[in-house]
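Below: the structure, in structure tokens.
The values are calculated or read from the model by the stated rules, or taken from the named source; none is laboratory data. What you see is a predicted model, and the numbers here were worked out from it, not measured in a lab. As a convention, Cβ positions derive from the backbone with ideal geometry for all residues, glycine included, and neighbour counts pool all protein chains shown.
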Amino acid sequence: MTEITKKTILEIKEGLKKRDFSALEVTKAFISASEKNKNLNIYNTFTPEKALESSKISQQRIDRGEERLLDGIPIAIKDLFCTKDILTTASSKILSNFIPSYESTVTQKLWDAGALMLGKVSCDEFAMGSSNETSCFGNVINPWSKRNGKNLSPGGSSGGSSSVVSSGSALAATGTDTGGSIRQPVAFCGVTGIKPSYGRCSRWGIVAFASSLDQAGPITKTVSDSALMLNVMSGFDDKDSTSADLDVPDFTQTCNDFKLDKVKIGIPKEYQIDGMSPEIVKLWQQGSEWLKDRGAEIVEVSLPHTKYALPTYYVIAPAEASSNLARYDGVRYGLRNSQDNLDELYAYSRGEGFGYEVQRRILIGTYVLSAGYYDAYYRKAQRVRNLIIQDFQKAFDKVDVLLTPTTPTAAFELGSQLDPISMYMNDVFTVPASLAGLPAMSVPSGLSEDGLPLGLQIIGNQFDENSVLKIAANLENQASFPFLN
Amino acid sequence: MEKFLINGENDNFEIVVGLEIHAQVNSQAKLFSGSSTKFGSKPNENVSLVDAAMPGMLPVINKHCIKQAVKSGLGLRAKINKFSIFDRKNYFYADLPQGYQISQYSDPIVGEGNVEINFPDGTKKNIGIERLHLEQDAGKSLHDQHPSKSYIDLNRSGVALMEIVSKPDITSPDEAGAFIKKIRSILRFLDTCDGNMEQGSLRCDVNVSVRRAGEPLGTRCEIKNLNSVRFVMMAIVSEAKRQVEEIENGNEIIQETRLFDSDKLETRPMRSKENAHDYRYFPDPDLMPLELTDDFISNIKSSLPLLPDEIRVKLVNDFGLSDYDASVISEEKETSDYFFIATEGKDGKLVSNWLTTELFGSLNKNSLSINNSPIKPKQLGELVGFISDGTISGRIAKDIFAEMFETGSDASSIIDEKGLKQNSNSEDIIKMIDNVINNNQDKVNEYKGGKDKLFGFFVGQVMKDSGGKANPKMVNEILKAKLN
């Protein structure tokens, strides 16, 4: 029998049902894996006692034959989701003492389905970053580092969530994706993750970065596991005015459909960019071949405004962030640097509480919304955003999904990307789908020459997660990716 | 109305005024959260996670507040915008938990409209409405509770306000006063704002500029946060005088925000820091644009109550009231409600007279509002009915009224108890008249000799003999017949 921590959610569910092991054994296995991997600096807050306690309740339900969808499944939560009575920091000093009195909608749904919480995992501060290095608790280390002897970044912002799954420390984790924060780190860490359509998962109780872009999603080893997690995490929430009032289909239903006759895959030509590593180009072609083998038709499509996506994103996201983060002022909760007057209270609390990258984005956002600059930046960015949306709409008139690389390179070394612009380039393939609110998924599909994971991205039409999952499952099936755990 | 002018050293100046009225929406819950809006709660008692801007909290629009805004817009004869947007107005203050106020900037829910204001001399004027939009109120900072600390009360944080902006059509303090009263009255009839200025449910910002006759518009200054009609009128005069002085001294008016000091009767600029806001408005990404269906609007339209202007016309046309009485009665919802109950099946004009003279007089003397009137509308109606059908005379009615006001008793029971019923029996009256004539033969002769004025004396004598109960009309008629 394979080690428990090498199994998928579906396999664990099966084993629990067949009494191969108990929920307690499963929980203990992941707790000890988490402890063994302490050097990766994944957890902001580790809650083994909580997981152990809940595992007993799960076991009782399993014994009664009344198990819920995720009973006995230990998972980790990105430290951006508010969890009742448990420290929620967004990896920021300004929230380093914040204990919410409420539970986010998405995590509540997971607990209601029987999932067990191992703890809160690290991310870039307020999800702003692509390397996990902006966390006030220090970076997470990519578990693949041991493969090539270098200290690699897990990517970001959901670096902790990707590493915790990749290292076999949890069966799944929640992530959030604003411009690629699920897809880029899962590609770097050799695991799977989906950013569903904007509005699919409630944002209520998730610390906001950029409201028009933020979307929660699952990070798992396999496509089917992601589909299962997404089944639980999705759904309309009347507490989130931007959540979609739509029925949630069974996302697992297309994950075993390996016939791709009549399926059209679009290859956007604008994603061939300078500076992309040859091994990524090769993998991309390989992905097309795999899908063609299964009967899909490969079509070149054009998304002409792609090159404007990154600058557009880096106007809109900071603009919203500058306003969303205004509430962290030291007045009601969080870090407070007491001063004699209000302006200084703000300046010292925020100056001390926010890291450099967050401060940079607040400044950019404040600038692009300022009188005299609004039209040139924010308004123009909104117009370009509409053009990007239209690009996708036209493409989806012709094809079912789009296939692209997830990132232009494999995981880079920690501390190697000092220039913010080159850091932002990590998001070049993921940002367009975010701006258009489309579902997009990354599947680990091969290894670089250095033996590091590479991901392929599937982008689907709005609320058509099922097509995305189906193509992802086919890639996964053919890639036979060598998971670390 | 006579034109209002500020007399400077050399020239006379006209004033141009635009008003922004912040009216708290009548609603149990706040604009984007379920918290209560109850006035007078303990500090921070009505604060939800959303109101305190906890991490990850999101606003959800309160549909009732949308209805109230549409209703108000219809009452202001304004265009209802089927598409509107909520924007964030960004600024830092300790009682603004989100660091921004959710408001409407480029696309408000209500567009242009107009209201008519009326003056005691019977003149009218139309004042244009620029827009009405919905926004959140901020919390309250208390700086006087501790020597070095400020306290924050977030009970008001997130309460729904309607900001009603007038066009710069107002040219005198009286017009400004009449405009605010009219808006207040319309909102109260619609039940969309309680109009209570002492509790802060209605607050005003005033934009004032001055110009010599025929000149283009001058630079305006905004005077913020005026919480009574009187202060608005006083602030306008003070500010206009200041501007005239500046201009005549050769200075330019600087566009700025000022505060009114009601003790010193002057306006002074706010700290320049408070002026320097760049609010960085942008559409709130947590809220979808607001789209209203035709059905939604027409449902509200069909359930609108009668408004003051319509009531005034009805009072003139259907009840024969004077224009002025009609506007007095239609100004306040409580007064017009009182009138309509009192006048059921009664002579409207007579009810109006008793309401606006006797009842208003007594209420004023006792500092009572019409809601607390000891005489209920049905009771006043009964009293007026007794006058109309001749049961009592007008003079007796005044005594009865006074007793009703004091004790709250019905007119009928006072009449029965004291036997005050008017005597309209012609035999009784003839007997009394004959008596008076017989006893005053000398006066009769004088009268017949041409001293017409003595007629009143005879009437008075008869009334006195009857204890005031003789029907005065009959006394007059019979006396006249007997003496001539």
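Selection within the range B:120-152: residues that are among the charged types (D, E, K, R) and more than 29 Å from B:Ile170 (Cα to Cα). The member of this set that is farthest from the other protein chains (Cβ to nearest Cβ) is B:Asp144. For A:Cys136, the criteria (1) surrounded by 24 or more Cβ atoms within 10 Å (Cβ to Cβ); (2) more than 30 Å from A:Ser58 (Cβ to Cβ) hold in every case but one, which is (1).
When B:Asn251, B:Asn227, B:Asn207 are screened for being farther than 29 Å from B:Gln136 by Cβ and not hydrophobic (A, V, I, L, M, F, W, C), only B:Asn251 passes. The range B:85-175 holds strands (runs of 3 or more DSSP E) entirely within its bounds, and those carrying 2 or more residues that are buried (at least 20 other Cβ atoms within 10 Å of the Cβ) map to B:87-90, B:100-103, B:113-118, B:124-136, B:160-166. Tell me which residues, restricted to the range A:369-387, are in contact with a Phe, Trp or Tyr (Cβ under 7 Å, 6 or more places away or on another chain) and more than 14 Å from chain B (Cβ to nearest Cβ). Residue satisfying the conditions is A:Val384 alone. Residue pairs whose Cβ atoms lie under 6 Å apart, separated by 6 or more positions or on different chains, with the first residue in the range A:462-473 and buried (at least 24 other Cβ atoms within 10 Å of the Cβ) and the second in a helix (DSSP H, G or I) and not hydrophobic (A, V, I, L, M, F, W, C), are A:Leu469/A:Thr254; A:Lys470/A:Thr254. Among the residues making up the range B:215-226, those that are surrounded by 17 or more Cβ atoms within 10 Å (Cβ to Cβ) and more than 13 Å from B:Leu19 (Cβ to Cβ) are B:Gly218, B:Cys221. Only one entry of A:Ile77, A:Ile94, A:Ile86 meets the criterion of being in contact with a Gly (Cβ under 7 Å, 6 or more places away or on another chain) and within 14 Å of chain B (Cβ to nearest Cβ), and that entry is A:Ile94.
State all residues of the range B:62-97 that are polar (S, T, N, Q) and out of contact with any Pro (no Cβ under 9 Å at 6 or more places or on another chain); if no residue qualifies, say none. Can you show your working first?
In the first step, residues of the range B:62-97 are kept if they are polar (S, T, N, Q); the result is B:62, B:68, B:72, B:81, B:84, B:90.
Result: B:Asn62, B:Gln68, B:Ser72, B:Asn90.
Within the range A:312-368, the set of residues being in a helix (DSSP H, G or I), at the interface with chain B (Cβ under 9 Å from one of its Cβ atoms), more than 22 Å from A:Trp204 (Cα to Cα) and without any contact (Cβ under 8 Å) to a residue 12 or more places away in the chain comprises A:Leu342, A:Asp343.
Among the conditions (1) touching a Leu at 6+ places or on another chain (Cβ under 7 Å); (2) modelled with pLDDT of 95 or more; (3) over 25 Å from A:Ala210 (Cβ atoms), A:Gln339 misses just one, which is (2). Could you please let me know if A:Tyr308 is under 30 Å from A:Ser422 (Cβ atoms), in a helix (DSSP H, G or I) and either of a type in the set (S, T, N, Q) or within 14 Å of chain B (Cβ to nearest Cβ) (or both)? When the stated conditions are applied, A:Tyr308 does not pass them.
Give the residue, chosen from A:Lys56, A:Lys38, that is closer than 26 Å to A:Asp124 by Cβ and free of Cβ contacts under 8 Å to residues at least 40 places away in the same chain. The conditions single out A:Lys38. One residue alone among A:Ile280, A:Ile298, A:Ile273 is at negative phi, away from chain B (no Cβ under 14 Å) and either within 14 Å of the chain's Cα centre (by Cα) or surrounded by 20 or more Cβ atoms within 10 Å (Cβ to Cβ) (or both), and that residue is A:Ile280. Here is a check on your reading of the model: is B:Ser409 in the same structural domain as B:Leu383 (by TED's automatic domain parsing), assigned to a loop (DSSP other than H, G, I, E, B) and not aliphatic (A, V, I, L, M)? Against the criterion (in the same structural domain as B:Leu383 (by TED's automatic domain parsing), assigned to a loop (DSSP other than H, G, I, E, B) and not aliphatic (A, V, I, L, M)), B:Ser409 qualifies. Looking at A:Leu69, A:Leu24, A:Leu10, A:Leu16, which is the one that is out of contact with any strand residue (DSSP E or B) (no Cβ under 8 Å at 6 or more places or on another chain) and over 14 Å from A:Leu116 (Cβ atoms)? Residue meeting the stated conditions: A:Leu10. Going by the conditions given, is A:Gly155 buried (at least 24 other Cβ atoms within 10 Å of the Cβ), under 16 Å from the mean Cα position of the chain (by Cα) and more than 20 Å from A:Thr107 (Cβ to Cβ)? Spelling it out, A:Gly155 is indeed buried (at least 24 other Cβ atoms within 10 Å of the Cβ), under 16 Å from the mean Cα position of the chain (by Cα) and more than 20 Å from A:Thr107 (Cβ to Cβ). Count, please, the residues in the range B:452-484 that happen to be acidic (Asp, Glu) and under 14 Å from B:Asp434 (Cα atoms). Residues flagged as acidic (Asp, Glu) and under 14 Å from B:Asp434 (Cα atoms) within the range B:452-484 amount to 2. Any residue at all in the range A:136-144 that's closer than 22 Å to B:Ala52 by Cα and not in a strand (DSSP E or B)? No, the conditions are met nowhere in the range A:136-144. Of all residues in the range B:337-348, exactly one satisfies the criterion of being without any contact (Cβ under 8 Å) to a residue 40 or more places away in the chain and small (Gly, Ala, Ser), namely B:Gly348.
Per-residue answers, yes or no, for (1) within 14 Å of another protein chain (Cβ to nearest Cβ); (2) of a type outside the set (Val, Ile, Thr); (3) part of a loop (DSSP other than H, G, I, E, B); (4) more than 19 Å from B:Ser352 (Cβ to Cβ):
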| site | (1), (2), (3), (4) |
| --- | --- |
| B:Leu287 | yes, yes, yes, yes |
| B:Asp295 | no, yes, no, yes |
| B:Ser298 | no, yes, no, yes |
| B:Pro305 | no, yes, yes, yes |
| B:Ile311 | no, no, no, no |
| B:Val316 | no, no, no, no |
| B:Leu321 | no, yes, yes, no |
| B:Ser336 | no, yes, no, no |
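Residues that are under 14 Å from B:Gly195 (Cα atoms) and of a type outside the set (Val, Ile, Thr) were ranked within the range B:16-44; the one that is surrounded by the most Cβ atoms within 10 Å (Cβ to Cβ) is B:Ala23. For the range A:221-249, a tally of residues being assigned to a helix (DSSP H, G or I) and touching a helix residue (DSSP H, G or I) at 6+ places or on another chain (Cβ under 6 Å) returns 9. Just so you know, in the range A:97-120 the residues that are in contact with a helix residue (DSSP H, G or I) (Cβ under 7 Å, 6 or more places away or on another chain), more than 14 Å from chain B (Cβ to nearest Cβ) and assigned to a helix (DSSP H, G or I) include one that is farthest from A:Pro218 (Cα to Cα), and it is A:Lys109. When the range B:453-470 is filtered for residues that are in a loop (DSSP other than H, G, I, E, B) and modelled with pLDDT of 85 or more, only B:Lys453 remains. Take A:Thr89 and tell me if it is under 29 Å from A:Ile316 (Cα atoms), of a type in the set (S, T, N, Q) and in a helix (DSSP H, G or I). Taking the combined requirement at face value, the residue does not satisfy it.
Could you say whether any residue in the range B:468-479 is more than 26 Å from B:Asp347 (Cα to Cα) and either of a type in the set (A, V, I, L, M, F, W, C) or exposed (fewer than 12 other Cβ atoms within 10 Å of the Cβ) (or both)? Scanning the range B:468-479, I find at least one residue that is more than 26 Å from B:Asp347 (Cα to Cα) and either of a type in the set (A, V, I, L, M, F, W, C) or exposed (fewer than 12 other Cβ atoms within 10 Å of the Cβ) (or both), so the answer is yes. Residues B:Ile61, B:Ile80, B:Ile117, B:Ile66: which one is within 10 Å of chain A (Cβ to nearest Cβ) and either farther than 16 Å from B:Asn155 by Cβ or in contact (Cβ under 8 Å) with a residue 24 or more places away in the chain (or both)? From the options B:Ile61, B:Ile80, B:Ile117, B:Ile66, the qualifying one is B:Ile61.
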